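Just so it is clear, none of the values below were taken in a lab; they were calculated from the coordinates. These numbers were taken from a predicted model, which means no experiment stands behind them. Cβ: placed from backbone, ideal geometry, glycine included. Neighbour counts: every protein chain shown.
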Ligand code: ADE
């Protein structure tokens, strides 16, 4: 997968040449190209910004350098998406990262100064914000997008790791992880993790992930979809966290049939008396 970044500050992108992204580039899984669109400025002084029409403070990015830089990109054989980084965009998330990882070429345009000339927006397929706050430019946002997208490109994460278990990958926060030593400053690793019982470990992890999501991100919890295997875990959680019962309709219908029959019988009996 190819990333192309249009920026006035290519030196800011040193972090994408390190660690996992560096390995991904060395293996050829991803390619990150930086284009300084100041090189496409038309004036003698290479101006890329100008004062706003109608007055006001700050400078606005001119359209010509960005239009020309984009037109000068080599043609792509696959599909290309052009993304504008801006605080006005839709808020980036894991699903968008997964979707973009299926594109052959992702071009990211980084703004700076007070904003873009509105006509630049006509070039973009999408406008992305990395959160409801304003950065001094789109560069940090572009690096966030590159990093989150690249994790889903085959060959970027090592053979032993996968993005499937990441927090947010199934709408859940990730379960707690531990490594050696078994005991550190009086704090022990949960027994189940050293039991060697894979089914129990999977169930424990699923329960902890559901619990963490409920406690920290009720917004994510409220849209989760559960399976029948989750029924018992959720009933256990309801004992420790009765507040979770307000979402009971989300899992009640998953009650195993046998249990439902048993309960019906006992309630029938009660009414017989
Ligand atoms: N540029 C400035 N602020 C930004 C944000 N929050 N997201 C993306 N690009 C930006």
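Out of 147, 164, 104, any idea which swings most in a Gaussian network model of the chain, alpha carbons joined below 10 Å? Result: 164 has the largest fluctuation of those listed. Going by neighbour counts of Cβ atoms within 10 Å, the residues 198, 152 line up, fewest first, as 198, 152. Centroid-to-centroid, using Cα positions, the range 169-240 and the range 1-47 are 40 Å apart.
Counted by neighbouring Cβ atoms within 10 Å, the residues 143, 203 run from fewest to most as 203, 143. With the highest mean first, a sort of the peptides 122-131, 217-226, 61-70 on other beta-carbon atoms found within 10 angstrom per residue produces 61-70, 122-131, 217-226. Only DSSP H runs of four or more residues enter the estimate; each adds -39500 (n - 2.57), and after division by the residues of the chain the mean residue ellipticity at 222 nm equals -9500 deg cm²/dmol.
Considering only 11, 183, 139, the mean-square fluctuation computed in a Gaussian network model of the chain, springs between alpha carbons under 10 angstrom, is largest for 183.
When 113, 241, 133 are ordered from fewest to most other Cβ atoms inside 10 Å of their Cβ, what list results?
Arranged by neighbour count, lowest to highest, 113, 241, 133 become 133, 241, 113.
In the chain, the DSSP beta bridges split such that about 15 percent are antiparallel, to the nearest 5. Relative contact order of the range 2-150: 29 percent, from C-alpha pairs under 8 Å at least 6 residues apart in sequence. Reducing the range 59-93 and the range 109-154 to their Cα centroids gives an inter-centroid distance of 9 Å. Angle check, please: helix 257-272 long axis (alpha carbons) against the longest principal axis of the chain (alpha carbons), in degrees 0 to 90, nearest 10. It is inclined by approximately 50 degrees.
The angle between the Cα long axis of helix 198-216 and the main principal axis of the chain comes to about 60°, on a 0 to 90 degree scale. Between the helical axis of 230-240 and the dominant principal axis of the chain, each derived from Cα atoms, what acute angle in degrees is found, rounded to the nearest 10? Between the helix axis and the principal axis of the chain, the angle is about 80 degrees.
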